[in-house]
Structures are given as C-alpha cells and as structure tokens.
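Written below as structure tokens is the structure these notes are about.
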Amino acid sequence: MRKRLTCLVLTAFLLGCLLLCPSCALFRPTGPFALSVEYSDEADSIVLSVSGAPQQGVAGLFVEAEAMQFDPDRVLLTGIHGFNDFAILSHHFDNVEGKASVVAVNPTTGIRNGVVATITVLQVEEGDPGIVIDPTGIHLVDSHSAELYDFQCASN
C-alpha cells in the first residue's frame, strides 16, 4: 500500500511538473500577441515587428506570397534587412503582380518585442500603397520551433 501511494504521489508530481514547465511542448502560453506590418512613406519602408509574444518569443517568420500584397503601380519593394539577429533566409518580391514572400529566422533566440525585418520601398506614385495582409498566410514559430497561433495581425 505504501509503495502504491508513493508511486501515485510521484506520478502526480511529475505530471504536474510536465504540465507547468515553460519549455515543455505541452505548455504554450495563451493570449493574443501582435504582429505589426507598418508602412512608413517617410522612411520608405515596411516594418515587420512583434509585441507581447509568449515566453519563448518569436524566432521564425514565414510570409506566404498571397499573404502580403501591395499595389505595384504605387510602390516597388527593393530590399529587406533583418533586425534583432534575424537572418533573411529567403524573400521574393513580385513587383509585377504585387506580392511578397519572406522567410526570416533568429537562430539563437526568440524575441518578445521588437523589429523582425524592414522591407525597403521605392514609392513610384503618391498615395496609398495598397498593402493588404492576410494573417492566414503568415506563420510564426517560437525558439523551440513550435508554431504560434494566437496572434493578431495589425497593419496601417
């Protein structure tokens, strides 16, 4: 009886530790955080940034081609630069169709707040650049390579 009680207590303790461990794959902090996509005509750039990310932070960003669209009659995308140790693994700017795709990763850690990348913009014509973001085509991963789902996408 004593062995069984000890085994039961130990099992309950280990299960509790597993469920509460922040680095455990079963535990993912919940609550929305934000991915911002902001166009600045003064800086001639589009800034991709995160704020309020979960504990492991954002360590990877994948923007599918259909997820970021713009008006190629008004702006052309000419370059991209990673910030906060994010490396740009791949990008494609289709300045004919007005679509952009990006893959950026931080190989050392995730960030909870800050700029992931900036895209350099050449303004061809005055007016709204027509940037449209579809959050279903944007994928974020934390520093343990687990996909983060609970984010809100904001753009101006």
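No lab work stands behind these numbers, since they all come straight from the coordinates. Being a predicted model, the structure only gives us computed values, none of them experimental. Every residue, glycine among them, receives a Cβ derived from its backbone with ideal geometry; neighbour counts consider all protein chains shown.
Quick one: how many residues across segment 119-156 are acidic (Asp, Glu), assigned to a strand (DSSP E or B) and in contact with a Gly (Cβ under 8 Å, 6 or more places away or on another chain)?
1
Output the residue which, of all residues in segment 59-106 that are over 20 Å from residue 134 (Cβ atoms) and among the aliphatic types (A, V, I, L, M), is surrounded by the most Cβ atoms within 10 Å (Cβ to Cβ).
Going through the qualifying residues, I end up with 59.
Considering only segment 70-118, state which residues are outside any loop (DSSP other than H, G, I, E, B) and more than 20 Å from the chain's Cα centre (by Cα).
Passing the criteria: 75, 76, 78, 94.
Within segment 32-58, can you find the residues that are under 11 Å from the mean Cα position of the chain (by Cα) and either surrounded by fewer than 17 Cβ atoms within 10 Å (Cβ to Cβ) or not small (Gly, Ala, Ser) (or both)?
If the condition is that a residue be under 11 Å from the mean Cα position of the chain (by Cα) and either surrounded by fewer than 17 Cβ atoms within 10 Å (Cβ to Cβ) or not small (Gly, Ala, Ser) (or both), then 33, 34, 35, 37, 48, 50, 51, 58 are the ones that fit.
Go through the residues of segment 75-84 one by one and say whether even a single one is without any contact (Cβ under 8 Å) to a residue 24 or more places away in the chain and polar (S, T, N, Q).
no
Of all the residues that make up segment 36-66, how many are closer than 26 Å to residue 144 by Cα and part of a loop (DSSP other than H, G, I, E, B)?
Selection size over segment 36-66: 6.
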